[in-house]
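Reading through the structure tokens given below for one structure.
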Amino acid sequence: MTQRNRFNAVAAGILSVWLALSPGLPHAHAHVHANIPVNEPAAQSRIAVVIDDFGNGMKGTEQMLKLPIKLTVAVMPFLPTTKKDAEEAYRLGHDVIVHLPMEPVRGKRSWLGPGAITTDLSDDEIRKRVEAAIADVPHAIGMNNHMGSKATADKRVMKVVLQVCKEKGLLFLDSRTSYRTVVPEVAKELGVETLHNDVFLDDVYTRHHVLKQIGIVKKVLDKNKSCIVIGHVGMPGLSTSDALRDAIPELKGKAAFVPLTALLPSPEPFTAHGLHNR
């Protein structure tokens, strides 16, 4: 079995056990591109769409990159198409962030992929791995966690991760895979720019569920000035990209599609919708 096939099988396993494994609910160096316009509706609300799990030629990669909106593309390091996906996303005018594999509360470590951050590592090893991941993803302006419900709840681990982000000038997006996350607390102590996810689009990977979650996004935008949403390539990739494409016209009537950097700082309290603890 090739490395790609092994990874695709692992990704399918991760997605299928999200619900079963969940213990609960869920820099500033921005670049500017002219080829993807940011719409400016009368309302001042803004939406940032983050798509995770690039880096292994997963299902929906091409479809996501060609959506006619501003995206933030989260690319996993050390995989066969890591550099290709990051370069293509950048060429198309999307922002790129590192999708850093981090230890979950439960589940096999083999699901994480290479270079994962686990809670048994020393501070020096964590720093080494974070720096290597950043170096492996071209054009990254930030980072978010892949899985990580255990690691993001560990203050020692997150101090090292966020300190490296600060030194490299990267923002950190907390995917909010656990209510026990210490990212806000540690980021405040260190002075690191952070944002957090509001809605998971495809924690259940069916088109029906994605459409339901898009409905929640609309409700969030009715009450708030901004909303960050996370979807994925891989098993739900085609369903998510299709649903997003169909929803774009109506969403543009409610909010401007913007990069994550346009939402710094994030003033709204966290309200996550969708079960996605990993």
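The values are calculated or read from the model by the stated rules, or taken from the named source; none is laboratory data. Computed from a predicted model, the values in this text were never measured in an experiment. Methodologically, a virtual Cβ is constructed for each residue, glycine included, from the backbone with ideal geometry; neighbour enumeration extends over all protein chains shown.
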Collect the residues in region 63-86 that are touching a strand residue (DSSP E or B) at 6+ places or on another chain (Cβ under 6 Å) and under 13 Å from Val49 (Cβ atoms), keeping them in residue-number order. Met64, Ile69, Lys70, Leu71, Thr72, Val73, Ala74
For the condition at pLDDT below 95 and within 14 Å of the chain's Cα centre (by Cα), what is the one hit in His146, His99? His146
Yes or no: region 76-98 includes at least one residue that is of a type in the set (Asp, Glu), in contact with a Leu (Cβ under 7 Å, 6 or more places away or on another chain) and under 20 Å from Cys165 (Cα atoms). yes
Is it fair to say Glu87 is modelled with pLDDT of 95 or more, within 18 Å of the chain's Cα centre (by Cα) and among the acidic types (Asp, Glu)? yes
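Pick from region 168-196 the residues that are among the basic types (Lys, Arg) and assigned to a helix (DSSP H, G or I): which of them is farthest from the chain's Cα centre (by Cα)?
Looking only at region 168-196, we keep the residues that are among the basic types (Lys, Arg), and these are 168, 176, 180, 188.
Checking which are assigned to a helix (DSSP H, G or I) leaves us with 168, 188.
Values: Lys168: 19, Lys188: 20 Å.
The residue in question is Lys188.
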Across region 237-258, what is the total count of residues that are surrounded by 20 or more Cβ atoms within 10 Å (Cβ to Cβ), out of contact with any His (no Cβ under 8 Å at 6 or more places or on another chain) and part of a helix (DSSP H, G or I)? 6
Here the residues within region 144-160 that are surrounded by fewer than 24 Cβ atoms within 10 Å (Cβ to Cβ) and touching a helix residue (DSSP H, G or I) at 6+ places or on another chain (Cβ under 8 Å) are Lys155, Arg156, Lys159, Val160
Out of the residues in region 70-85 that are out of contact with any Lys or Arg (no Cβ under 9 Å at 6 or more places or on another chain) and among the aliphatic types (A, V, I, L, M), which is surrounded by the most Cβ atoms within 10 Å (Cβ to Cβ)? Ala74
Report the residue count in region 48-57 for those that are more than 21 Å from Ile228 (Cβ to Cβ) and crowded, with 21+ Cβ neighbours inside 10 Å. 1
Tell me, yes or no, whether region 197-207 has at least one residue that is in a loop (DSSP other than H, G, I, E, B) and over 19 Å from Gly148 (Cα atoms). yes
Residues of region 181-197 being in contact with a Pro (Cβ under 9 Å, 6 or more places away or on another chain) and of a type in the set (D, E, K, R), which ones? Glu193
So, in region 76-114, exactly how many residues are closer than 23 Å to Val182 by Cα and aliphatic (A, V, I, L, M)? 7
Would you please list the contacts, defined by Cβ atoms under 6 Å and residues six or more apart or on different chains, that run from a residue in region 148-160 that is on the phi > 0 side of the Ramachandran plot to a residue that is of a type in the set (D, E, K, R) and surrounded by 24 or more Cβ atoms within 10 Å (Cβ to Cβ)? none
Note on region 161-173: residues crowded, with 23+ Cβ neighbours inside 10 Å and out of contact with any Gly (no Cβ under 9 Å at 6 or more places or on another chain) are Val161, Leu162
Taking region 189-212 and the residues there that are at pLDDT 95 or above and among the charged types (D, E, K, R), the one that is surrounded by the fewest Cβ atoms within 10 Å (Cβ to Cβ) would be Glu189
Which one of these does Cys165 not meet: (1) of a type outside the set (A, V, I, L, M); (2) out of contact with any Leu (no Cβ under 8 Å at 6 or more places or on another chain); (3) assigned to a helix (DSSP H, G or I); (4) under 27 Å from Gly93 (Cβ atoms)? (2)
